[in-house]
1. Counting other Cβ atoms within 10 Å of each Cβ, which trypsin sites (Lys or Arg not before Pro) in the stretch 48-80 have at most 12 and sit in a DSSP loop?
2. Before rounding to the nearest 500, sum -39500 (n - 2.57) across all DSSP H runs of length at least 4 in the chain and divide by the residue total; then give [θ] at 222 nm in deg cm²/dmol.
3. Could you give the spread of the C-alpha atoms of the stretch 127-220 along their three principal axes, from largest to smallest, in whole angstroms?
4. Take the Cα atoms of the stretch 45-151, build their convex hull, and give its volume per residue in Å³.
5. With viscosity set to 1.306 mPa s at 10 °C, what whole-number translational diffusion coefficient in µm²/s follows for the chain from Stokes-Einstein and a Kirkwood radius over Cα pairs?
6. So, by mean Cβ neighbours within 10 angstrom, what's the order for 135-147, 44-56, 12-24 with the highest one leading?
Amino acid sequence: MRILVIEDETKVGCFIKRALEEESYAVDLCEDGAKGLQMALITDYDVLIVDLMLPSLPGLEILKGVRQARIQTPILILTAQSQVDQRVKGLDAGADDYLTKPFAIDELLARIRALLRRGSTESPGVLQIDDLALNPATREVTRGGQRIDLTSKEYALLEYLMRHTGRVLTRPMISEHVWNQDFDTFTNVIDVYVNYLRNKIDRGHSKKLIHTIRGSGYMLKVD
């Protein structure tokens, strides 16, 4: 899942980025409001985290701009302003949730998982296809009840595939959501990681779940 963090406090932004990357999210960080809005309008993010007090363009204007463009990406307000009226303005402008600074990183991660679940057709807890299960809260992956150990990037790739079961995911789509904006699209890294996943998910099972759609990309489905 790819997340945009628009936060002008460098230490806070870097802390959030590092924590999210440790949880296998691809993260873009922006410290300027106007640039952040531009990034949100041209890139398909899964979650936006927006501070209210930003240089060049306030967070509320970012919310309005995103919603006026009919982009329904979940938005989490991150703010030091604890006044009820400020939170109400943010929610009325199109935010889905808010978190007041200072905050616990565990709560931020839990709120992000909740926002991602709202757009998922899967059960609120575990993502599952056939006998393959992934628990976003514990990051545990099993197939046939057997635990599968994945690297951070393998986990991120599998979660993205599982949240879009039955849908063809092109290499550009995968690169946008699993890697960040600095990813080199001319490498074969995506194909390499798909093969890594196949070796861990499908090897030894007669029923294959990860499929190559020739000329298009990849799909997770029951064979």
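Just so you know, all these numbers are worked out from the coordinates, no wet-lab data involved. None of the values given here were measured: they were computed from a predicted structure. Neighbour counts run over all protein chains shown; Cβ positions are idealised from the backbone, glycine included.
1. Passing sites in the stretch 48-80 are Arg70.
2. Working: 8 runs with 88 residues, N = 223.
One gets -12000 deg cm²/dmol as the mean residue ellipticity at 222 nm.
3. Extents along the principal axes, in whole Å: 37, 28, 20.
4. Convex hull of Cα atoms, per residue: 130 Å³.
5. Estimated diffusion coefficient is 87 µm²/s.
6. Ranking, from highest mean packing down: 44-56, 12-24, 135-147.
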